[in-house]
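As structure tokens, the structure follows; a few thoughts come after it.
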Amino acid sequence: MANVTLRNVRKTYTGGFEAIKGVNVDVADGQFCVLVGPSGCGKSTLLRMVAGLETVTGGEIDIGGRVVNQIEPADRDIAMVFQNYALYPHMSVYNNMAYGLRNRGMAEAEIKTRVEEAARVLELSAMLERKPRQLSGGQRQRVAMGRAIVRQPKVFLFDEPLSNLDAKLRIAMRVEIRKLQRRLNTTSIYVTHDQLEAMTLADVLVVMNGGQVEQVGNPLAIYEKPATTFVASFIGAPPMNLMSTRPDEIKSQLGGAAGEAGIVGIRPEDFVITDQTPAGGVALPLTVEAIERVGAETFVYGSREQEDQRVAATPGELPPGEIIVRIPGTEAPAIGQKIRVAAVRQKLHLFSGDGRKRIEA
Ligand SMILES: Nc1ncnc2c1ncn2[C@@H]1O[C@H](COP(=O)(O)OP(=O)(O)OP(=O)(O)O)[C@@H](O)[C@H]1O
Ligand SMILES: [Mg+2]
């Protein structure tokens, strides 16, 4: 059991590229921490530094009260599960799990106890004599987990362990990993670019962007109060609608810092189709451009009227003028129809004009 603390961790690759620009994260003993962010933001780099597979350019990595910067991977008491978990094809499931322990010179009796216990937890007991090719993708993934579990490490590190699986199996394995982690109570750091996986697995969510941490916290707290427009549009699907707003509007509608243009964010589910304008809230006329029915709910894509084209030019957001509205059920307006949507004051998120700061009104 161990906490993991990253203090101002930096990584510059040979050639001068700065992949990690000073990261601070504190994972308490037994917690499940998820690093999430777009491709190339530095998630794997950071995880590999914790594992000892990359050198640390600056700062400190502390596992269980011990700075491990100079400690060999094998001596860090961690176990890592990768996307490409590469089981040994010629070895049985049992031997795949036993391999690392034998390398450490552990007695066969102890190995047997550990492998059988891991197999029981992972529901692989009936498959110990099979070869990897005789297993399904999900079963192979569980063997890879088993290899990590038998080590009884202080910390599990996962790098996109589910991304090779099909959608249904991903969800099943996601639930399994979380149950397993609760049972074993082992501190874990898990990397994914999938915000839904991140939301559902994390005790502590770390949203990364361009080698830096954008926000750290409880996943629902981040969903409810994203600190930047990047987090607002990355966490939640479909993404939050973001619109630029004039200083006078901020002042009159939101009572925030006047004199500066800002960005207003509204989640798709916080809009309702109505002709009313809620006091202090926002109402927009829209022309319906597209409808997506996904069963329990429907996504309405609308374009805003000309006089309402005040869209933030921050990258990674909605195309200019497009608004997504999420309504329950399957009943929806027709394409081409003009509608009005509104959101109440409490559902508005306000950010500084550059999107870097949340403003609490
Ligand atoms: N060995 C290396 N030398 C130089 N640059 C590297 C090296 N490894 C990674 N990078 C760069 O560092 C940045 C972060 O890479 P990293 O693999 O950590 O991203 P990631 O967040 O894991 O992305 P993905 O979701 O695609 O796996 C990228 O811009 C990448 O090109
Ligand atoms: Mg990666």
**OP:** Considering only Ala332, Ala98, Ala232, give the residue with the highest GNM mean-square fluctuation for the chain, with springs between Cα atoms whenever their separation is below 10 Å.
**Re:** Ala332
**OP:** Could you bin all the Cα-Cα distances of segment 1-146 into 5 Å bins starting at 0 and give me the percent of pairs in each, rounded to whole numbers?
**Re:** 2, 9, 16, 17, 16, 14, 13, 9, 5, 1, 0
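Looking at segment 191-238, which GluC sites (Glu not before Pro) are DSSP coil and have at most 15 other C-beta atoms within 10 Å of their C-beta?
Numbers: sites: Glu197, Glu214, Glu224; in loops: none.
Counting only loop positions with at most 15 other Cβ atoms within 10 Å, none of the GluC sites (Glu not before Pro) in segment 191-238 qualifies.
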Subject >> Qualifying GluC sites (Glu not before Pro) for segment 75-163 [loop in DSSP, other Cβ within 10 Å: at most 13] >> reply: Glu123, Glu129
Original post:
Taking only DSSP H segments of four or more residues, each worth -39500 (n - 2.57), what value at 222 nm results for the chain once the sum is divided by all its residues, to the nearest 500 deg cm²/dmol?
Top reply: -7000 deg cm²/dmol
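Report the full-extension gain for the segment Glu116 to Arg104: residue separation times 0.36 nm, less the Cα-Cα distance, to one decimal in nm.
Values: separation 12, 0.36 × 12 = 4.32 nm, distance 1.81 nm.
Answer, rounded to one decimal: 2.5 nm.
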Original post:
What number, in percent, do you get for the relative contact order of segment 4-224 if the mean sequence gap of Cα pairs under 8 Å and at least 6 apart is divided by its residue count?
Top reply: 32 percent
**OP:** Restricting to the chain, compute how many DSSP beta bridges are antiparallel as a %, nearest 5.
**Re:** 75 percent
Original post:
Over the Cα atoms of segment 132-226, what Rg and Dmax result, in angstrom?
Top reply: 14.3, 47
Subject >> GNM flexibility winner over the chain from Pro219, Pro89, Pro38 (Cα, springs under 10 Å) >> reply: Pro89
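Work the Kirkwood hydrodynamic radius out for the chain: mean of 1/r over every pair of different alpha-carbon atoms, inverted, in Å.
Numbers: mean 1/r = 0.0439 Å⁻¹.
Averaging 1/r across every pair of different Cα atoms and inverting gives 22.8 Å.
Between Asp275 and Glu292, what length comes free when the chain is fully extended (0.36 nm per residue of separation minus the Cα-Cα distance, one decimal in nm)? Kindly include the intermediate steps, with their values, before the conclusion.
Numbers: separation 17, 0.36 × 17 = 6.12 nm, distance 2.25 nm.
Between Asp275 and Glu292, full extension yields an extra 3.9 nm.
Values quoted throughout were computed directly from the atomic coordinates according to the rules given, and no laboratory measurement underlies them. Nothing here was measured: the structure is a model prediction, and the numbers come from that model. With ideal geometry, Cβ positions are generated from the backbone for all residues, glycine too; neighbour counts draw on all protein chains shown.
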